[in-house]
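Derivation of every value follows stated rules applied to the coordinates shown; laboratory data play no part. None of these values were measured; they are calculated from a predicted model. Cβ atoms come from the backbone with ideal geometry, glycine included; neighbour counts cover every protein chain shown.
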Amino acid sequence: MHWEKALISKTSTIQDAIETIDQHRMQAAFIVDEERKLLGMVTDRDIRRGLLRRISLDAPITEIMNSSPTTVPEGMEHQQIINLLESTRFRHLPMIDSKGRVTNIVFLNDLPHTLHRDNWVVVMVGGFGSRLRPLTDDCPKPMLKVGNKPLLETILENFIQYGFHRFFLSVNYKSEIIENHFGDGTKWDVSIQYLREEQPLGTAGALSLLSEKPKSPLIIMNGDLLTKINFHQLMEFHVQHEASATMCVREYDFQVPYGVVSMDLEKHEIRQISEKPVHRFFVNAGVYVLQPEVLSLIPSQEYYDMPTLFDQLIQQKFVTSAFPIREYWLDIGQKDDLIRANGEFAYIFSNNTE
């Protein structure tokens with residue numbers, strides 16, 4: 001894609017910027033005026049921060065853009081550009097001329113599909129899938145077909161797309177079906193090992209089964225999620241926030257089906273009536289990034305969930321961050337979710353189909 005397509009006007013909305021970022025490989029949009037003078041820059045990180053602040057996607061891009069971005073002056077030597085990109089942790093920066101006009105976008109050629117990430121990925125696939133019975137009577141939930149393949153296979157291929165190659169599957173219920181299908185990962189040119197739970201250990205407890213400690217942050221994901229999360233951006237977000245633990249969160253809307261009455265309870269007076277108000281929350285999306293040292297807090301061979309781990313980290317003043325998901329995300333917990341997933345799979349995951 002030509003770099004000029006990453007340029008947007010100051011009248012663009014946040015939604016316009018999202019569409020621009022998702023369509024090109026630079027993972028940023030650059031705001032310019034009519035003469036192509038640089039006014040600002042917005043990255044995926046800026047957009048996710050805006051989502052956490054509940055800024056509308058229809059709001060002007062100027063509300064979240066960095067109006068003083070780092071730039072590359074024309075004529076800068078190649079090695080100096082590389083040093084600048086590495087020191088700022090950006091993979092893309094605008095090149096400007098003496099009048100402040102954008103003349104190019106320079107970026108490191110380490111896109112998600114060419115990266116080789118040594119970060120481990122742990123997928124929790126040991127649940128009983130009780131809410132999906134009788135479909136799960138003879139088949140573990142992650143092996144149910146979504147589209148033309150098991151759900152877990154789509155999860156694996158999504159990670160491989162971003163350069164991950166070392167996987168651990170935490171198994172329990174009907175684990176032989178999962179192990180027979182995936183083996184050691186040779187079919188996908190990756191390494192797959194199994195964490196075998198003799199009893200359910202929860203979404204964090206199974207990490208105590210790792211035989212060694214990783215040397216870099218690891219991703220943990222529930223095995224019943226169908227999502228298009230950009231794992232490259234997730235890892236950058238985690239590193240940039242210097243977090244000990246990052247939790248992916250999803251906005252959830254709940255509409256009260258009645259008129260809500262606000263009262264002065266002492267005087268028994270009605271102060272306000274809100275007709276069927278909508279409450280918005282951020283909910284746990286079942287995807288996490290942990291620093292290696294966090295694993296020492298997880299008890300061995302005991303049931304222990306991720307929310308409990310995060311509560312402990314917060315109490316002990318560790319840095320915990322929230323990564324807002326703006327991509328497709330679906331928790332396949334019930335039959336209706338599975339029906340929806342199959343209906344949407346071909347469109348959402350067209351590049352994963354054979």
Residue-averaged [θ]222 nm for the chain, counting only DSSP H segments that reach four residues, each worth -39500 (n - 2.57): -7000 deg cm²/dmol
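For the chain, what proportion of DSSP beta bridges, expressed in % and rounded to the nearest 5, is antiparallel?
Numbers: 38 of 64 bridges.
Restricted to the chain, the bridges split so that about 60 percent are antiparallel.
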So for the chain, Kirkwood radius off the Cα pairs, Stokes-Einstein at 25 °C and 0.890 mPa s: how many µm² s⁻¹? 108 µm²/s
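Would you kindly state how much longer the chain becomes between residue 280 and residue 314 on full extension, computed as 0.36 nm times their sequence separation minus their alpha carbon distance, in nm to one decimal?
Values: separation 34, 0.36 × 34 = 12.24 nm, distance 2.29 nm.
So the chain would gain 10.0 nm between residue 280 and residue 314.
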Neighbour net charge for residue 170 - beta-carbon separation under 14 angstrom, K R +1, D E -1: -2
Å³ per residue enclosed by the Cα convex hull of region 3-107: 87 Å³
Compute the Rg/Rh shape ratio of region 240-297: radius of gyration over Kirkwood radius, all on alpha-carbon atoms. 1.31
Scan around residue 163 for amide H atoms under 5 Å from its own, H built in the peptide plane at 1.01 Å from N, and keep only partners 5 or more places away or cross-chain. none
Please tell me which of these pairs span more than 29 angstrom C-alpha to C-alpha: 141/317; 187/228; 149/213? 141/317; 149/213
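Using DSSP to define loop residues, name the trypsin sites (Lys or Arg not before Pro) in region 249-345 whose beta-carbon has at most 11 other beta-carbon atoms within 10 Å.
Numbers: sites: 250, 267, 271, 280, 317, 326, 335, 340; in loops: 267, 317, 326.
When the trypsin sites (Lys or Arg not before Pro) of region 249-345 are filtered for loop state and at most 11 Cβ neighbours within 10 Å, 267, 317 remain.
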Is any residue of region 126-148 close enough, with backbone N under 17 Å, to a label point placed 7 angstrom from the Cα of residue 334 along the Cα-Cβ axis, and if so, which? 129-136
What residue among 47, 23, 68 has its Cα farthest toward the positive end of the dipole of region 3-107, where the charges are +1 on Lys, Arg and -1 on Asp, Glu, each on the Cβ? 47
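Only helices at least 18 Å long along their own axis, judged from Cα atoms, and with Kyte-Doolittle mean hydropathy of -0.5 or greater: name those in the chain from DSSP H. Show your work: numbers first, answer last.
Numbers: long enough: 335-348 (20 Å, -0.35).
Sorted by number, the helices that extend far enough and score high enough are 335-348.
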Calculated from backbone phi, Karplus (6.51, -1.76, 1.60) coupling profile of region 242-253 in Hz, x at Gly/Pro: 6, 8, 7, 8, 10, 10, 6, 10, 10, 6, 10, 9
Multiply the residue gap between residue 211 and residue 22 by 0.36 nm, knock off their C-alpha separation, and tell me the result in nm, one decimal place. 64.2 nm
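Which value, to two decimals, describes the C-alpha radius of gyration of region 167-211 once divided by 2.2 N^0.38 Å? Don't skip to the end; give the middle numbers.
Values: Rg = 10.8 Å, N = 45, 2.2 N^0.38 = 9.3 Å.
Dividing the Cα Rg of region 167-211 by 2.2 N^0.38 Å gives 1.16.
Show me the ranking of peptides 186-192, 117-123 by mean Cβ neighbours inside 10 Å, starting with the highest.
Values: 186-192: 14.0, 117-123: 20.9.
In decreasing order of mean packing, 186-192, 117-123 become 117-123, 186-192.
With the contact rule set at Cα under 8 Å and sequence spacing of 6 or more, what percent relative contact order holds for region 3-107? Please report the intermediate quantities before stating the final value.
On the way: 166 pairs, mean separation 27.8, N = 105.
Normalised by residue count, the contact order of region 3-107 is 26 percent.
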3J(HN,Hα) from dihedral phi, region 277-289, Karplus parametrisation 6.51/-1.76/1.60, rounded to Hz, x for glycine, proline: x, 9, 9, 10, 9, 9, 10, 5, 9, x, 10, 9, 10
Let me check against my output: what whole-number percent is the relative contact order of the chain, with C-alpha pairs under 8 Å and at least 6 apart? 15 percent
